[in-house]
1. Using a basic spin-label model with each label point 7 Å from the Cα along Cα→Cβ, how many nm lie between residue 74 and residue 44?
2. For a label point 7 Å from the Cα of residue 66 along Cα→C-beta, name the residues of the stretch 25-48 whose backbone N is under 18 Å from it.
3. Quick one: plug the Kirkwood hydrodynamic radius of the stretch 30-111 (C-alpha pairs) into Stokes-Einstein at 10 °C, 1.306 mPa s, and report D in µm²/s.
4. I want to check the label-to-label distance for residue 4 and residue 83. Put each point 7 Å from Cα in the C-beta direction and report it in nm to one decimal.
Amino acid sequence: MTRNRPEPRTRPRSAALRRRPAAPAGGTVRARFSLSELPVLTVHPASAAPAAAAAVRTLATAGRGYLGGHLELRTSAPAGRSAALTAATRRATALAVASALRGGPGTARVRIGPHTP
């Protein structure tokens with residue numbers, strides 16, 4: 001007489017054991033902002049128009065649109081323009097301007113992720 005044994009069930013691997021593809025190296029954006037009484041905003045590098053717009057918007061939102069300053073950006077991201085880099089640049093700029101307005105050091109560092117909005 002043969003016995004019917006159930007086939008062994010295979011268990012799904014736990015989420016901790018599943019391997020995910022490595023995320024591409026994103027880098028960071030560092031922003032430094034110093035306030036000025038003159039209503040002039042200078043940006044280094046000059047090609048950072050989205051960052052300049054973010055600085056002006058942050059100053060205006062805080063009710064300090066009559067102020068200016070100097071914004072310096074540095075990035076360790078690979079060359080190329082991407083939406084993630086632009087979003088991280090805007091975010092770092094807004095954080096640095098807000099820090100300077102509070103009397104802080106006026107610096108911010110933001111990671112550039114593969115899924116940054």
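FYI, it's all coordinate maths here, none of it is from the lab. Computed from a predicted model, the values in this text were never measured in an experiment. Positions of Cβ are generated from backbone atoms using ideal geometry, with glycine treated the same way; all protein chains shown enter the neighbour counts.
1. 1.1 nm
2. 35-41
3. Numbers: Rh = 12.4 Å.
Answer from the Stokes-Einstein relation: 128 µm²/s.
4. Result: 5.4 nm between the two label points.
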